[in-house]
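To keep things clear, I will list the structure first and then write my remarks on it.
The values are calculated or read from the model by the stated rules, or taken from the named source; none is laboratory data. Just so we're clear, the structure is a prediction, and the values are computed from it rather than from any experiment. All Cβ positions, even for glycine, are placed from backbone atoms using ideal geometry, and neighbour counts span all protein chains on display.
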């Protein structure tokens, strides 16, 4: 009985992860008026520890490079790791954030100082998680 239960749990976890990838953040989000940067967040359940792993991507659609500043990740205390602070024209950069299994939303926000002297404020995007991540 325990063995069947374990297989069922793993199958459900795999199906849940697939549904999350299909339902969350596959369409990039336009971060501000005028196409400048897209933000995309996708989630996968890390069932070895029972945590969500959110991969954040920022794509620069401008013909000038920019520097990210005032970067914030939510919920507070859930660090955004590995996101470079510099994005070149046409480049996509990415970082990861880990959420607890019971946390159903996460988001990032930042400003971009463009090399042409302009600054765009308040780029942000959330992810909404509608299933639970269980430790296997």
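Observations
- Checked against (1) touching a residue at least 12 places away in the same chain (Cβ under 8 Å); (2) in a loop (DSSP other than H, G, I, E, B); (3) surrounded by fewer than 13 Cβ atoms within 10 Å (Cβ to Cβ), residue 117 meets all criteria but (1).
- Every residue from region 101-114 that is surrounded by fewer than 14 Cβ atoms within 10 Å (Cβ to Cβ) and modelled with pLDDT of 95 or more: 105
- Whether a residue is at positive phi, in contact (Cβ under 8 Å) with a residue 40 or more places away in the chain and out of contact with any strand residue (DSSP E or B) (no Cβ under 7 Å at 6 or more places or on another chain) was assessed, and residue 50 passes this test.
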